[in-house]
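The next block holds one structure in the form of structure tokens; read it before the comments.
The values are calculated or read from the model by the stated rules, or taken from the named source; none is laboratory data. Note that the coordinates shown come from a computational prediction; the quantities given were computed from them, not determined experimentally. Note: ideal-geometry Cβ built from the backbone for every residue, glycine included; neighbour counts use all protein chains shown.
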Amino acid sequence: MTLQSLLSPAHRRFVRRQAPARNTSLSGMAWHRFRRNKLSMASLAVIGLFVLVALLGYLITPDPTPYCNQQYLELATLKPLSKIQFTYVDDGLPQPPSNPLRTMLHGRPLGLTAIPTYRTTPVGDSLDIEAYTGSTPNNGPLRRVARAQVADQRTRTFILGTDGYGRDVLSMIIIGSRVSLSVGFIAVLIALLIGITLGALAAYHGGWVDNLITWFINVVWSIPTVLLVIAITFALGKGFWQVFIAVGLTMWVDIARVVRGQVYSIKEKEYVEAARALGLSPFRTIFRHILPNITGAIIVVAASNFASAILLEAGLSFLGIGVQPPMPSWGTMVKENYSYILLDSAYLALLPGLAIMLLVLAFMLLGNGIRDALDIKS
């Protein structure tokens, strides 16, 4: 009789969960420890949800028009879950091609005239459509159209309401997630490319190379990040891609400092000395033998920088020098609606702010979870 046979089935399952297999790889053990961190797994799920929503884009937005910019001024600042009847009239507008991939990436024009409708009255072969005005009594303008022109009549629910221009808030938040995630991904990619290269070269070669690169790092480090981003943005101009480059060019310093310290700590190891003795080039030694051993530290810093990039983009858009209208951005939404905080529509500014907070918090918790999972001391 073995010791395990004396345990109950529940205790056996507990033991198996707590102790990974003997032949588990280091990455497998790190993943096992990461999964036991509930906050990190929850943050990973939140990030995955935001990524999925951003990828689907216009396929799931209630307003599939480009930039979700379909405006109905008579529907301004509707409360969440408001229901409005729409009548869609075929006025001979060019019909957009049916291409799911193109729609997912860029949206599609409506192709019909959408009339927010208060009521319709049949008149022979025509319909009298009284447009919705939101006032009491309604007293909307009447339009008579042939029944053959009416393509559809349905009630639309604005789940998160509308903004001051009558645009659907939920659609703008969904497409705004694309901007935040794209800025984070591309900016971190640029920062990794610059930071890893300069940090590794400085530590590996030492001497005047290290002194020169360290001096440059300290100069950039001494400039406030926001001011540097604003200066680069003014130099490159306002726009979508300019924000990516501006944020990326200011975030490489953290990565360079971490990589320099890590490479300094391991460049005298036996396997690095062996690579030098075999005559391998510095490039191959650094990128094939040194960098794979400091990947954990780089991932942790990259996760933190991802959160910082999202905040920087939101701040630039709030100041009006980031992503430009009509492209939706969470920072722009806060800027356009922050005056409603003092009124009864504070949710217009709080909802995009909540989205920024959730995504930034998720990346910070993810970075902490990765750091704990890769901590060799524990």
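Please work out which residue is farthest from residue 185 (Cα to Cα), limiting yourself to segment 30-80 and to residues that are basic (Lys, Arg) and touching a helix residue (DSSP H, G or I) at 6+ places or on another chain (Cβ under 7 Å).
33
Which condition breaks for residue 158 when tested against (1) over 18 Å from residue 256 (Cβ atoms); (2) in contact with a helix residue (DSSP H, G or I) (Cβ under 7 Å, 6 or more places away or on another chain); (3) of a type outside the set (D, E, K, R); (4) crowded, with 21+ Cβ neighbours inside 10 Å?
Just one mismatch for residue 158, condition (2).
Conditions tested, residue by residue: (1) assigned to a helix (DSSP H, G or I); (2) hydroxyl-bearing (Ser, Thr, Tyr); (3) outside the structural domain of residue 182 (by TED's automatic domain parsing); (4) under 30 Å from residue 179 (Cα atoms).
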residue: 274; (1), (2), (3), (4): yes, no, no, no
residue: 307; (1), (2), (3), (4): yes, no, no, yes
residue: 323; (1), (2), (3), (4): no, no, no, yes
residue: 331; (1), (2), (3), (4): yes, no, no, yes
residue: 359; (1), (2), (3), (4): yes, no, no, yes
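From the list 42, 10, which residue is of a type outside the set (S, T, N, Q), more than 30 Å from residue 160 (Cβ to Cβ) and either out of contact with any Cys (no Cβ under 8 Å at 6 or more places or on another chain) or modelled with pLDDT of 90 or more (or both)?
On inspection, the qualifying residue turns out to be 10.
Can you find a residue in segment 154-170 that is touching an Asp or Glu at 6+ places or on another chain (Cβ under 7 Å), in a helix (DSSP H, G or I), under 30 Å from residue 313 (Cβ atoms) and in contact (Cβ under 8 Å) with a residue 60 or more places away in the chain?
Within segment 154-170 (the criterion being touching an Asp or Glu at 6+ places or on another chain (Cβ under 7 Å), in a helix (DSSP H, G or I), under 30 Å from residue 313 (Cβ atoms) and in contact (Cβ under 8 Å) with a residue 60 or more places away in the chain), the answer is yes, since at least one residue qualifies.
Examine segment 198-208 for a residue that is among the hydrophobic types (A, V, I, L, M, F, W, C), within 30 Å of residue 180 (Cα to Cα) and free of Cβ contacts under 8 Å to residues at least 24 places away in the same chain, and state whether such a residue exists.
no
Counting just the residues of segment 228-272 that are touching a helix residue (DSSP H, G or I) at 6+ places or on another chain (Cβ under 7 Å) and not in a helix (DSSP H, G or I), which one comes out farthest from residue 187 (Cα to Cα)?
Going through the qualifying residues, I end up with 267.
In this structure, does residue 286 turn out to be of a type outside the set (Lys, Arg), surrounded by 22 or more Cβ atoms within 10 Å (Cβ to Cβ) and part of a helix (DSSP H, G or I)?
yes
Of all residues in segment 325-335, how many are surrounded by fewer than 23 Cβ atoms within 10 Å (Cβ to Cβ), closer than 15 Å to residue 171 by Cβ and at pLDDT 90 or above?
Residues flagged as surrounded by fewer than 23 Cβ atoms within 10 Å (Cβ to Cβ), closer than 15 Å to residue 171 by Cβ and at pLDDT 90 or above within segment 325-335 amount to 1.
Answer yes if at least one residue in segment 114-128 is surrounded by 13 or more Cβ atoms within 10 Å (Cβ to Cβ), among the hydroxyl-bearing types (Ser, Thr, Tyr) and touching a Leu at 6+ places or on another chain (Cβ under 7 Å), and no otherwise.
Checked against the condition, which is being surrounded by 13 or more Cβ atoms within 10 Å (Cβ to Cβ), among the hydroxyl-bearing types (Ser, Thr, Tyr) and touching a Leu at 6+ places or on another chain (Cβ under 7 Å), segment 114-128 yields at least one hit.
Examine segment 177-184 for a residue that is assigned to a strand (DSSP E or B), surrounded by 22 or more Cβ atoms within 10 Å (Cβ to Cβ), out of contact with any His (no Cβ under 7 Å at 6 or more places or on another chain) and among the aliphatic types (A, V, I, L, M), and state whether such a residue exists.
Checked against the condition, which is being assigned to a strand (DSSP E or B), surrounded by 22 or more Cβ atoms within 10 Å (Cβ to Cβ), out of contact with any His (no Cβ under 7 Å at 6 or more places or on another chain) and among the aliphatic types (A, V, I, L, M), segment 177-184 yields no hits at all.
Name the single residue, out of those in segment 191-217 being surrounded by fewer than 19 Cβ atoms within 10 Å (Cβ to Cβ) and of a type in the set (A, V, I, L, M), that is nearest to residue 299 (Cα to Cα).
193
Within segment 130-147, restricting attention to residues that are closer than 14 Å to residue 84 by Cα and touching a residue at least 40 places away in the same chain (Cβ under 8 Å), which residue is surrounded by the fewest Cβ atoms within 10 Å (Cβ to Cβ)?
Ranking the qualifying residues of segment 130-147, first place goes to 133.
Could you check residue 344 against (1) farther than 27 Å from residue 191 by Cα; (2) free of Cβ contacts under 8 Å to residues at least 60 places away in the same chain; (3) in a helix (DSSP H, G or I) and say which number it fails?
Checking residue 344 against (1) farther than 27 Å from residue 191 by Cα; (2) free of Cβ contacts under 8 Å to residues at least 60 places away in the same chain; (3) in a helix (DSSP H, G or I), the one that fails is (3).
On the basis of being assigned by TED's automatic domain parsing to the domain that holds residue 173 and over 13 Å from residue 204 (Cβ atoms), does residue 281 make the cut?
no
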